[in-house]
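These notes concern the structure reproduced below.
Where a number appears in this text, it was derived from the coordinates with a stated rule and is not lab data. What you see is a predicted model, and the numbers here were worked out from it, not measured in a lab. Neighbour counts are summed over all protein chains in view; Cβ atoms, including those assigned to glycine, are modelled from backbone coordinates with ideal geometry.
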Amino acid sequence: MSVSTVACSTPLPVLGRDVEVPLADGTKVGYAALDYAASAPALQRVWDDVAAYAPYYGSVHRGAGYLSQLSTDLFEQSRATVADFLDLREDDYVVFTRATTDSLNLLASVLPSGTCVYAFETEHHASLLPWRREGLTVSYLRAPRSPQEAVDALDAALSVAPAGPKLVCVTGASNVTGEIWPVRALAETAHRHGARIVLDAAQLAPHHAVSVRELDVDWVAFSGHKLYAPFGAGVLAGRADWLDAAEPYLAGGGASRTVAREADGGVAVEWHRGPARHEAGSPNVIGAYAIASACRALTETGFDALVSRERELIDRLLTGLAEIPEVRVLTLFGTDHERVGVLSFVVQGWNSSHFSAALSAEYGIGVRDGLFCAHPLVRTLLGGEEDSPGECGAPEPSLPGERSLNAIRVSFGAGTPDEHVERFLTAVKELVTHGAKWSYRTESGRCVPDVQR
């Protein structure tokens, strides 16, 4: 998979880079968006492309008017752009969905009855839960502590798998630790045992090139809103046979090729083959076009350059946090393992919700706290089974070896300035050393500064 490369020593332009937010003391500061793993800001180029197209927006497929034909061409060109971005095989499909969650639920709906599904407990809920449905059997594998352990665990599970269709679901990069998984080795193991494999690339695709051919996966799923294209679309791409053999994910116009009345009063339906079979209703043209725009922008910038700059930020972040003894970074494979710009940690003596609220209210830094829709993984990393974050402001266990209740996640990407990472490290050091300047209370389930003190 070849891509052009240009220098990328500065962040790519994104929306929101000039937004100022209020602090608890009444002043304002430029917002440091460090929650890319949840939703990345829109690339300025994506926004500009969508704005330029918006006046020409029209219905797609079957429309005779100019705007309809233009929109149809743009929609299908977007599909081709995504196929190129993923380096798909000639017979693979690109199906536009709402997000990664929708993509994996779509795939779960087309699996042949009796399929055995294998997923590590480390998966995001989007790739952990869709398989729990009638006709499927799902086996959850324990969290591995090294890439080789992951491969060995899958090999052992598949070696005793029953005959019949099998599917492995694996993340490309963890939404909790940012660690990159051995996807190619897992795909080789799956195929050796006659299983297929789907890659959850929600966190990987915004940071690294994803080649379906090189990774040898059967399907890949990702979301536009994590790929700098927050317009409500996602992608499921890969092999066609199970998609064409199954009933449509949604029944309705667009999925149906012909519908005719039958003598008994019912209707007979012939469904389309190809992507249209699972894209019933009016498709999200703007969402698909936004994804394609982001794919072009990232490809033209060059992932080598993007990865190089991001690694510098990751190294600076890890080095800075390592200088604070009270901070413990969460990891499965070790802090020196390759990762994307996602990192979770706990702070000794702090409630994670309280710490995150202080970062926002006192420094204008947006991070995330909790279990990150990956409850089994975070509980494993924290060493406990607790689910409640506790009362806002109440300190979590401060003694070595005691358990934290939840964690803090900082995440960044192609639009993150160096200053945001430096400000974050300064804020963490100040909070750990001097404590929060404000008292905090729980309001509607969130930790907020008590400005009435």
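Please state the equivalent ellipsoid semi-axes for the range 9-147: what are the square roots of 5 times the Cα gyration tensor eigenvalues, largest first, in whole Å?
Equivalent-ellipsoid dimensions as semi-axes: 34, 30, 14 Å.
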* Asked: Within a Cβ distance under 15 Å of PHE412, other residues only, what is the Lys/Arg minus Asp/Glu net charge?
  -> +2
* Quick one: angle between helix 418-434 and the longest Cα principal axis of the chain, in degrees between 0 and 90, rounded to 10, please. => 40 degrees
* Structure fact -> Computed about the Cα centre, the charge dipole of the range 54-160 from +1 Lys/Arg and -1 Asp/Glu charges at the Cβ has a magnitude in debye, to the nearest 20, of 420 debye
* Structure fact -> To the nearest 10 degrees, the tilt of helix 66-86 (Cα long axis) against the first principal axis of the alpha carbons of the chain is 60 degrees
* Size of the dipole of the range 46-300 about the Cα centre, Lys and Arg at +1 and Asp and Glu at -1 on the beta carbon, nothing else charged, in debye to 20? -> 340 debye
* To do: Putting +1 on Lys and Arg Cβ atoms and -1 on Asp and Glu Cβ atoms, find which of GLY135, VAL183, VAL168 reaches farthest to the positive end of the dipole of the range 46-300.
  => GLY135
* Which whole-Hz couplings ³J(HN,Hα) result when phi for each residue of the range 273-279 is put into the Karplus expression 6.51 cos²θ - 1.76 cosθ + 1.60, θ = phi - 60°, listed in order with x for Gly and Pro? -> 9, x, x, 4, 4, 10, 10
* Asked: What FRET efficiency do you get for LYS429 and LYS28 if R0 is 22 Å and r is their Cβ-Cβ distance, rounded to the nearest 0.05?
  -> 0.45
* Counting each DSSP H run of 4 or more residues in the chain as -39500 (n - 2.57), what helix-only mean residue ellipticity at 222 nm follows after dividing by all residues, to the nearest 500 deg cm²/dmol? -> -10500 deg cm²/dmol
* May I ask you to order 37-45, 425-433, 156-164 by the average number of other C-beta atoms within 10 Å around their residues, highest value first? => 37-45, 425-433, 156-164
* Using R₀ = 56 Å, calculate the FRET efficiency as 1/(1 + (r/R₀)^6) where r is the Cβ-Cβ separation of SER68 and THR335; round to 0.05. => 0.60
* Structure fact -> For the range 41-58, Karplus-derived ³J(HN,Hα) couplings (6.51, -1.76, 1.60; θ = phi - 60°; whole Hz; x for glycine and proline) come out as x, 5, 4, 4, 5, 4, 4, 5, 5, 5, 4, 5, 7, 3, x, 9, 4, x
* LEU167 long-range amide H proximity, modeled H, under 5 Å -> CYS116, VAL117, TYR118, ARG196
* Asked: Per the Kirkwood formula on distinct C-alpha pairs, the Rh of the range 13-85 is how many angstrom?
  -> 15.3 Å
* Asked: Roughly how tilted is helix 352-363, in degrees to the nearest 10 and between 0 and 90, from the longest Cα axis of the chain?
  -> 80 degrees
* Shape call for the range 46-300 from the C-alpha gyration tensor, a ≥ b ≥ c root eigenvalues: rounded (a/c under 1.5), prolate (a/b greater than b/c) or oblate? -> oblate
* Round to the nearest 0.05 the FRET efficiency obtained for SER211 and ALA263 when R0 = 45 Å and r is the Cβ-Cβ distance. => 0.30
* Reciprocal mean inverse distance between Cα atoms of the chain - Kirkwood radius, Å -> 23.3 Å
* To do: Return the aspartates and glutamates within reach of LYS429: Cα separation strictly under 12 angstrom, same-chain partners fewer than 8 residues apart disregarded; answer none if there are no such residues.
  => GLU323, GLU326
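Nearest 20 debye, what's the magnitude of the dipole of the chain about its Cα centre given +1 on Lys and Arg Cβ and -1 on Asp and Glu Cβ?
Computed about the Cα centre, the dipole is about 420 debye.
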* **Which of PRO248, VAL235, SER211, positive extreme of dipole for the range 46-300 (C-beta unit charges)** => PRO248
